[in-house]
Amino acid sequence: MKIEYAERVNRLPKYIFAAIEELKLQKKKEGIDMISLGIGDPDLSTPQLILDEIMKQVRDPANQNYPSSMGEPEFREAVKRWYNVRFHLDFDVDMEVTNLIGGKEGVANIARAFVNAGDIVMCPNPGYPVYENGGTKLSDGVPYRVPLLIENDFLPKFEDIDTKILKKAKMLYLNYPNNPTGAIASKVFLKTAAEYAEDYNFFIIYDNPYSEFTFGDYIAPSLLEIDPNHIEINSASKMFCMTGFRCGWAVGNAKIIEGIRKIKSQIDSGCPIFIQKAVIKGLNEYQSEKKPKIVKDNIDIYEKRRDILIQGLNKIGWKTDTPKATFYVWTRIPEDEPNSMDFVKKLINIGVILTPGIGFGEYGENYVRFALTQPTNKIKEALERIEKVLNK
Ligand code: PLP
């Protein structure tokens, strides 16, 4: 029997991290103590208040059945309330709010609902790989890579995109605060993006999972404050350190929400009810746009780590800017290094794991991403090890 993958699967990129994985395992076997600043997964625990609620809700048999894939009515109400206190926006819970099994699921499934074979989808590059792969390519669409360059503050420069592409494009993914660059978008930029969308007739999927991952007095906006005709995706993953619980939501344009619901109702059975109920508890802690204590306590820890890493890198001569948001630090590799992959391999040899920029697309080459997911003593240790390599 000859079994062949569908063409759309063959279009997925080769797994470029395989060589890194192998090297990591080998170094571990050699007994090297590895410090992983690679994966963007919070190491801090979910707030106790939310954990207690899960324990309480999971025991109730009513919460053990199939959920509704669009989300329980109370969940959608809580999302509506959160958008109201956090961004001063109002949504119709029946038409404009839906639950997701994490943001990733929404980012991918939205393309199934709206992309026909050959349609162009604009994907930021460097960017979260799901836009191009799980979303666009697995829906038989054609990704157009929108460069995010340092000279443009890692924002798309719409005037540089060929108008033929803009006219043909069906959707644009945007993500600020941004993974991997840590860049933020002003309301002025969001207005420009919304104007291009209006002029060229595409819609924007505003992927906003780091909206609460902001430092100092910076407060991240929602695209829907500027133009409610688009759609925004967010999740409990980063906000409440709940990556493993898989709960997110999409809000905005009723037609787009309906499309996501159509796809989901044929594919999944939703996020467990007891998880939705626990996330409600977390969302209800918000009384204004200011972060409640359960969120702020964790963000303060990441902010300290960020400062230690940035100061340390600059001290050892590796010039790096301070991001205002996300738990990522994106920085150019030293001048004499050939490329991001080889540089990352070099650092694995001394037990420090980073993500090579090329993993986020061609415009990520010559950068690396640090994730602030280690305690400060480990970050300091990583800096000491890196200093030895740089000064060789
Ligand atoms: N979007 C971006 C930009 C991300 O970085 C991530 C996770 O790292 C996600 C979406 C998905 O998050 P989740 O599916 O956990 O909500």
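The values are calculated or read from the model by the stated rules, or taken from the named source; none is laboratory data. Please read all numbers here as calculations on a predicted model, not as lab measurements. We place every Cβ from the backbone using ideal geometry, glycine too, and count neighbours over all the protein chains shown. Note: areas computed on protein heavy atoms with side chains; ligands, DNA, RNA excluded. Shrake-Rupley method; radii C 1.70, N 1.55, O 1.52, S 1.80 Å.
Observations on the structure shown:
- When ILE3, ILE110 are checked against the criterion of being under 30 Å from TYR302 (Cβ atoms) and either modelled with pLDDT of 95 or more or assigned to a loop (DSSP other than H, G, I, E, B) (or both), a single residue qualifies: ILE110.
- Considering residues of region 242-262 that are open to solvent by 10 Å² or more (accessible area, probe 1.4 Å) and within 16 Å of the ligand (Cβ to nearest atom) only, the residue nearest to the chain's Cα centre (by Cα): THR243
- Region 97-132 - residue that is open to solvent by 10 Å² or more (accessible area, probe 1.4 Å) and aromatic (Phe, Trp, Tyr) and, of those, farthest from LEU155 (Cα to Cα): PHE114
- Of the criteria (1) within 15 Å of the ligand (Cβ to nearest atom); (2) surrounded by fewer than 22 Cβ atoms within 10 Å (Cβ to Cβ); (3) over 15 Å from ILE101 (Cα atoms), which one ASP217 fails: (1)
- Of all residues in region 73-96, those satisfying the criterion of being open to solvent by 70 Å² or more (accessible area, probe 1.4 Å), of a type outside the set (D, E, K, R) and not in a helix (DSSP H, G or I) are HIS88, MET95.
- Within region 162-182, tally of residues that are surrounded by fewer than 22 Cβ atoms within 10 Å (Cβ to Cβ) and assigned to a loop (DSSP other than H, G, I, E, B): 1
- Failed item in (1) touching a residue at least 12 places away in the same chain (Cβ under 8 Å); (2) among the acidic types (Asp, Glu); (3) not in a loop (DSSP other than H, G, I, E, B), with GLU159 passing the rest: (1)
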